[in-house]
Amino acid sequence: MLKTKNKPLKYALLVIVLSVVFTKSVAAGEKIKIVTSLPDLAGIAREIGGKYVTTFAIAKGYQDPHFVDPKPSYMIRLQKADMFIQVGLDLEIGWVPPLLEGARNSKILPGAAGYVDASAGIPLLEVPQGDPAKLRAEGDIHIYGNPHYWLDPLRGKLIAENIYQGLCRVQPQNKTQFENNLSVFRNKIDELTAKLQARLEAYRGVKVIAFHNSWPYFDERFHFDLVGFIEPKPGIPPTPKHLVSVIKSMKQQAIRLMIISPYFSKKTSRLIAAKTGAVLVELAGSVGAQPEIKTYFDLFEFNIDKLIQGMEQAGIVPQNAK
Amino acid sequence: MVYPYQFSVRIFGIIFCLLLNYSITLFAQSKGRQAVSMDSTVVDSTDMLLEAEFARELAAEKKTSTSGLAAGSREIRGLVSRSGSTLNPKISAIGTFLGAATQENAASKPLDIGLQEVEIVFDAYVDPYTKATFIIGFGDEQENPFAGPDEAAAFDGEFSTELEEGYLTTLSLPFSLQLKAGKFLGNFGKINKIHPHAWNFIDQPLMYANYFGEEGLLDRGLSLSWLVPNPVGLYQELTLEATSGAVASPSFTGRKDLLYLIHLKNYVDLNENTTLELGFSGIRSSNDRERHKSHLGAIDLTLRWKPLRRNRYKSFEWMSEALLSRRDTATKTINSTAFYSFLRYQLSRRFFIGGRYDYAEFPDDADTYEKAVSVVLSFFATEFQKLDLQYQYGSPAGRDTFSRILLRSVFIIGAHGAHKY
């Protein structure tokens, strides 16, 4: 009977022995395994890390980044990662903390060399003012500010810099290559932004309504006029009464374009489109939202194409650029 | 059949010391390795020598500089108090309001309404190596038509305060190990670890009520879990727990031996939208003063489907658990069983409908059983508030069948974190 009494001890020893057998150390010449919360961060990390990195994004581009299930399979990815990058500002508060805790990888915990919060140093919009205890009366508000900042390519340069610093911490011997990649990325972004701004210049100030408040940064960069949202408050689905008031104000203000992310139901927006004659445009919230959006640059090309198509379809006449 | 109590304590002590010792050593080694590889690609013997030298120097410094620390600490204290409020742990409060309307002939008051529970959760990193969680509950007695009339106690406005959970979790043990120490809900089956407010039904499944009591398996001790490495990238987590055994559980009424628990969680993504979880649990402890043993074995299966593209609008979940109990007594061995199965479908962005079937015998009586059928409708107003409405038809052991309707509102304020998948 003494044998069964020793069972827990045996199990414990088995755990230790097996873990010694299975664990291998990572050689310095190996690629940096990067896991990111969103595919956009993975896209930028690929530009900066180049051939020295492999990337995996937890959320898919067509998925709502606020509501990702913390599936244990992601913990396995994080367990093996050398670096973890997140958007921060509590965007991923519902799913990243349990994943990081479950991954048992001290290399990527907040404060460690392999942890990158991409929001560091980024100028934010819509930082809520006033009494924090009243914030949730305003719906699902992010206390630090609107977290959809990756939808501005110029802020993307700051994200790239945060990632660059993370890469240098994890693999300092390749610093010069990362630095080169960073400056190439910056130049490409500047060129792209100038090109796309010029394309949209003729539509400057066109009034647009969005389903959810994901687009203030995109709007700020490309100068259309985001006048309102179909959701009465962030995260609160519209009631029929609210929809009536939306339709009224759309008619009053002559809003002919609606934008929506792929992960929202288009039922209500289609209803509004039918009543107002406005055009519904599905923009990509992230890299990978559509199969053709493979890089961070593609994301903006795609969205601007879609936006201009939508404006043409809505019969909005482009103004002659000065 | 009788084991000396001190012997089991000793064994337990040995396991703990062994693990702690071993992991601390390995932890120190792995830290060293990481620090070196950050600065250069080649780790040669001079680095190792230098590292050893630093280790010696630093250890020596610690001893000599204790007198100087007192003078300096005053300044540090000033700094801490200035940033004190930002260093508060994450705090949240969760309220559960419950209303119950039960058929007249049942062993409980026909109409009952009140605040069932308030939970206060504190949660923060202690330092780079550990995290602490404290959950304090203020609970009121509630009607339970399955319990006998003597035990039935209505809401009376008297709240009892209890430390529901309080534990330290390590974050940086090597080899994907994680150690939890304190008072916590045992890692048994699928829902034992989940607090009732996060269940997708209102009442506790009869399986848990009859075998673990109304709080579930809750005990003080240690829990060590390990992510089992495997070539195919399957998620496998093995948990071993050794706890005091002094639990308010009908299965383990001995309170003289430690309670040992083993749990293996297997998880696989069948495709992008569908996941399958299969768990095996086992517990062993004593059920009387003579140290007769009780063994529990359980299996849990959870299938979930949620399309990623529309993950807020549609989902489906099927969760089932079954348990076998073997209880040795002075005169005989009692083998009993219990199970439940729960199915839930998401109707729209905020509405869910579900059904549950319960069957449960008793740990000390395999000849009587209880059954229940429930239908649950849930409305998620926001992430921070939900309403559940449940109809239940119950057949308690040795009493008339009854129908009842339960209505529950759960609301959260503060920084409440995510729930485990």
Worksheet item: Looking at B:Ala381, B:Ala298, B:Ala330, which one is over 30 Å from A:Gly288 (Cα atoms) and not in a strand (DSSP E or B)?
Response: B:Ala330
Worksheet item: How many residues are more than 14 Å from chain B (Cβ to nearest Cβ) and not in a helix (DSSP H, G or I) if we restrict to segment A:144-194?
Response: 5
Practice prompt. Take A:Ile230 and decide whether it is farther than 22 Å from A:Ser37 by Cβ, in contact with a Gly (Cβ under 6 Å, 6 or more places away or on another chain) and within 14 Å of another protein chain (Cβ to nearest Cβ).
Written response: no
Worksheet, complete the sentence: Counting only helices (runs of 4 or more DSSP H) entirely within segment A:25-115, those with at least 2 residues that are within 13 Å of chain B (Cβ to nearest Cβ) and either in contact with an Asp or Glu (Cβ under 8 Å, 6 or more places away or on another chain) or touching a residue at least 12 places away in the same chain (Cβ under 8 Å) (or both) are A:72-79, A:96-103
Worksheet item: Would it be correct to say that B:Asn287 is over 15 Å from B:Leu240 (Cβ atoms), in the same structural domain as B:Arg326 (by TED's automatic domain parsing) and in contact (Cβ under 8 Å) with a residue 24 or more places away in the chain?
Response: yes
Fill in: All positions within segment A:212-231 that are touching a residue at least 60 places away in the same chain (Cβ under 8 Å) and either part of a helix (DSSP H, G or I) or not hydrophobic (A, V, I, L, M, F, W, C) (or both)
A:Asn213, A:Ser214, A:Pro216, A:Tyr217, A:Phe218, A:Glu220, A:Arg221, A:Phe222, A:Glu231
Worksheet item: Hey, among A:Ile209, A:Ile159, which residue is in contact (Cβ under 8 Å) with a residue 40 or more places away in the chain, out of contact with any Asp or Glu (no Cβ under 9 Å at 6 or more places or on another chain) and either aliphatic (A, V, I, L, M) or in the same structural domain as A:Thr276 (by TED's automatic domain parsing) (or both)?
Response: A:Ile209
Worksheet item: Right, B:Leu303: closer than 25 Å to A:His66 by Cβ, within 12 Å of chain A (Cβ to nearest Cβ) and of a type in the set (A, V, I, L, M, F, W, C) or not?
Response: no
Worksheet, complete the sentence: Scanning segment B:204-246 residue by residue, the ones that are under 29 Å from B:Tyr357 (Cα atoms), among the β-branched types (Val, Ile, Thr) and touching a helix residue (DSSP H, G or I) at 6+ places or on another chain (Cβ under 8 Å) total 0
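Conditions tested, residue by residue: (1) among the acidic types (Asp, Glu); (2) closer than 24 Å to A:Asp64 by Cβ; (3) not assigned by TED's automatic domain parsing to the domain that holds A:Val68.
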| site | (1), (2), (3) |
| --- | --- |
| A:Gln253 | no, no, yes |
| A:Phe264 | no, yes, yes |
| A:Ile272 | no, yes, yes |
| A:Glu292 | yes, yes, yes |
Worksheet entry | Considering residues of segment B:82-118 that are among the charged types (D, E, K, R) and within 24 Å of A:Ala133 (Cα to Cα) only, the residue modelled with the highest pLDDT | B:Glu117
Worksheet item: Take the residues of segment B:245-290 that are of a type in the set (D, E, K, R) and surrounded by fewer than 19 Cβ atoms within 10 Å (Cβ to Cβ): which is nearest to the other protein chains (Cβ to nearest Cβ)?
Response: B:Asp269
Practice prompt. Can you tell me which residue within segment B:366-392, out of those that are among the aromatic types (Phe, Trp, Tyr) and crowded, with 16+ Cβ neighbours inside 10 Å, is nearest to the chain's Cα centre (by Cα)?
Written response: B:Phe384
Item to complete: Report yes if B:Gly394 is more than 14 Å from every other protein chain (Cβ to nearest Cβ), at pLDDT 90 or above, farther than 30 Å from A:Lys267 by Cα and out of contact with any helix residue (DSSP H, G or I) (no Cβ under 8 Å at 6 or more places or on another chain), otherwise no.
Response: yes
Item to complete: Examine segment A:286-307 for a residue that is small (Gly, Ala, Ser), surrounded by fewer than 17 Cβ atoms within 10 Å (Cβ to Cβ) and at negative phi, and state whether such a residue exists.
Response: no
Response to the item:
Looking across segment A:241-268 at residues that are within 14 Å of another protein chain (Cβ to nearest Cβ) and outside any loop (DSSP other than H, G, I, E, B), the single one that is surrounded by the most Cβ atoms within 10 Å (Cβ to Cβ) is A:Ile260
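The values are calculated or read from the model by the stated rules, or taken from the named source; none is laboratory data. Predicted, not measured: the structure shown is a model, and the values here were computed from it. Note: ideal-geometry Cβ built from the backbone for every residue, glycine included; neighbour counts use all protein chains shown.
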